[in-house]
Amino acid sequence: MSKSVEITSFKESNNRVVVMVEPHSQKAQIQQVVYRILDANLDRAREGLRIIEEWCRFGLNNAQLLGECKYLRQELAHWHTAELRAARDTPGDPGTELTHPQEEQRSSIKALLQANFCRVQEAMRVLEEYGKLYHPNMGKAFKQMRYRVYTLESSLMGYERYQLLWRSHLYLVTSPSETLFKTVEAALKGGLTLVQYRDKTADDTVRVEQATKLRQLCHSYGALFIINDRVDLALAVDADGVHLGQQDMPIAMARQLLGHQRLIGRSTTNAEEMQKAIAEGADYIGVGPVYETPTKADKAAAGLEYVSYAAQNSSIPWFAIGGIDANNINDVISAGAERVAVVRAIIQAEQPTLVTQYLVSQLHRIKL
Ligand SMILES: Cc1ncc(COP(=O)(O)OP(=O)(O)O)c(N)n1
Ligand SMILES: Cc1nc(C(=O)O)sc1CCOP(=O)(O)O
Ligand SMILES: [Mg+2]
């Protein structure tokens, strides 16, 4: 039986021409496999982008992010040619049956978005590599697209955090407590959306363990989770940002390490520190201590005058902090505060959910 063959290359050796041949059927089979891989991954990338796009549209109402998703989907459609679609063999594809248990549940919007970004990026990497066998420009095109997806992820995740920061009016800064997790969860149930892990004395092993648990807890309630003082710890536990005091790392250095996706807060005690923090690119500032407090015994009170100054002059979100509780929060609000950070008022409360609800309700009353 004669088989059709294709000459794929030849070379000269000892004055003889050596011809390399490959059966036609085998080459066609390989091509078909490549087409199926491209088809499946174009679909995967498009589906993942669609899921991300819906959040940009309905969740964030952000035209710029929505436009970027649409652009990327159109690019995918451009590469999804009829011959690639024709290679599809869904019944014969063992991959359609397989799902990972983690795909069955998502703990939050953030987890859902991250899983889909991962899916899109993986698919684009496959398209970049196998695409080189299909079209001379496909590899380059998908490399560029993959970088655009990284940028989109960065903008979207950063935007998400920034939005939630602006929506947060009560900020819990923790202190060591035997009931830390129970108390934080009770406060989250009361409507808390911003938590800072602050433990000035624990070993790093303990800090890593507690911060990891708290991050999971906060994210499961859709709240932001910030680390006090330590950029390395914030990165290690995938926190939403870091809070830096005047003696901590410079903001520019922290920004280099954390990127623009994560939040950076700065403590300020006077007008000069406030202006500097804003100029250096802080995302929010602490304004205090409003009252003297045993939680920060070495710092003299800045008073309500500084709160009024912040109300008039801060262009970024700011949190009045220091000695604030349910008894005096209305004085702080009257001085101009719309956001407040507390330690003892919640950590030492007998009923943290109720206290949180009360503080949040007072802060929201301002806007009515
Ligand atoms: C929201 C907020 N504001 C101020 C501080 C104080 O930070 P810092 O001055 O660095 O003091 P320590 O907290 O590190 O003792 C804060 N943690 N949070
Ligand atoms: C951690 C901290 N920073 C402050 C500042 O002014 O920078 S005041 C403060 C402690 C706030 O604790 P409490 O709510 O228990 O008074
Ligand atoms: Mg500090």
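Please treat every number below as a calculation from the coordinates, not as lab data. Small disclaimer: the values here were computed from a predicted structure and weren't measured. Counting neighbours? That spans all protein chains shown, and the Cβs are built from the backbone with ideal geometry, glycine included.
Starting with the highest mean, order 198-204, 331-337 by the number of other Cβ atoms within 10 Å, averaged over the residues of each peptide.
Working: 198-204: 12.1, 331-337: 18.9.
So the peptides 198-204, 331-337, ranked by packing, come out 331-337, 198-204.
List, in the order given, every pair from 27/143; 182/276; 70/140; 110/276; 276/299 whose Cα-Cα distance in the structure shown is over 28 Å. Kindly include the intermediate steps, with their values, before the conclusion.
On the way: 27/143 26 Å; 182/276 37 Å; 70/140 20 Å; 110/276 32 Å; 276/299 19 Å.
Distance filter (> 28 Å) returns 182/276; 110/276.
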**Prompt:** Is the shape of region 224-298 rounded, prolate or oblate, going by the alpha carbon gyration tensor and its root eigenvalues a ≥ b ≥ c, with a/c under 1.5 for rounded and a/b larger than b/c for prolate?
**Reply:** oblate
**Prompt:** Of 216, 334, 135, whose Cα points farthest to the positive end of the dipole of the chain (charges on the beta-carbon: +1 Lys, Arg; -1 Asp, Glu; origin at the Cα centre)?
**Reply:** 135
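Tally Lys and Arg at +1 and Asp and Glu at -1 over the other residues with C-beta under 11 Å from the C-beta of residue 41: what net charge comes out? Intermediate results must be reported in sequence, preceding the final value.
Values: positive: 36, 44, 46, 119, 125; negative: 39, 43, 47, 122, 128, 129.
Neighbourhood net charge equals -1.
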**Message:** So the label point goes 7 Å from the Cα of residue 220 along Cα→C-beta, right? Which residues of region 107-121 then have their backbone N under 16 Å from it?
**Reply:** 107-112
**Message:** Out of all Cα-Cα pairs in the chain, roughly what percent, to the nearest whole number, are more than 41 Å apart?
**Reply:** 31 percent
**Message:** Can you tell me which aspartates and glutamates have their Cα less than 17 Å from the Cα of residue 200? Leave out same-chain residues fewer than eight positions away.
**Reply:** 178, 209, 229, 232, 248, 298
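Between the DSSP loop rule and a limit of at most 16 other Cβ atoms within 10 Å, which GluC sites (Glu not before Pro) in region 165-218 are left? If you can, show how the numbers build up before the last one.
Values: sites: 178, 185, 209; in loops: 178.
Loop-located and lightly packed - 178.
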**Fill in**
Summed over the other residues with a beta carbon less than 13 angstrom from that of residue 184, with K and R at +1 and D and E at -1, the charge totals +2
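Might you report the magnitude of the Cβ-based charge dipole of the chain about its Cα centre, with Lys and Arg at +1 and Asp and Glu at -1, to the nearest 20 debye?
Numbers: 42 positive and 43 negative charges, 174 e Å.
Its charge dipole is roughly 840 debye.
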**Prompt:** Between residue 144 and residue 25, what FRET efficiency comes out of the Förster formula 1/(1 + (r/R0)^6) with R0 = 30 Å and r the beta carbon distance, rounded to 0.05?
**Reply:** 0.25
**Prompt:** Using modelled amide H (1.01 Å from N, peptide plane; none on Pro or chain starts), what sits under 5 Å from the amide H of residue 245, excluding residues fewer than 5 places away?
**Reply:** 229, 267
**Request:** List the DSSP H helices in the chain whose Cα atoms stretch 20 Å or more along the helix axis and whose mean Kyte-Doolittle hydropathy is at least -1.0.
**Result:** 24-54, 63-79, 109-131, 138-167, 204-220
**Fill in**
Note to self, the chain gives a 222 nm [θ] from helices alone (DSSP H runs n ≥ 4, -39500 (n - 2.57) apiece, / all residues, nearest 500) of -17000 deg cm²/dmol
**Prompt:** Out of residues 5 or more away from residue 224 or on other chains, whose amide H comes under 5 Å of its own, with H placed 1.01 Å from N in the peptide plane?
**Reply:** 194, 195
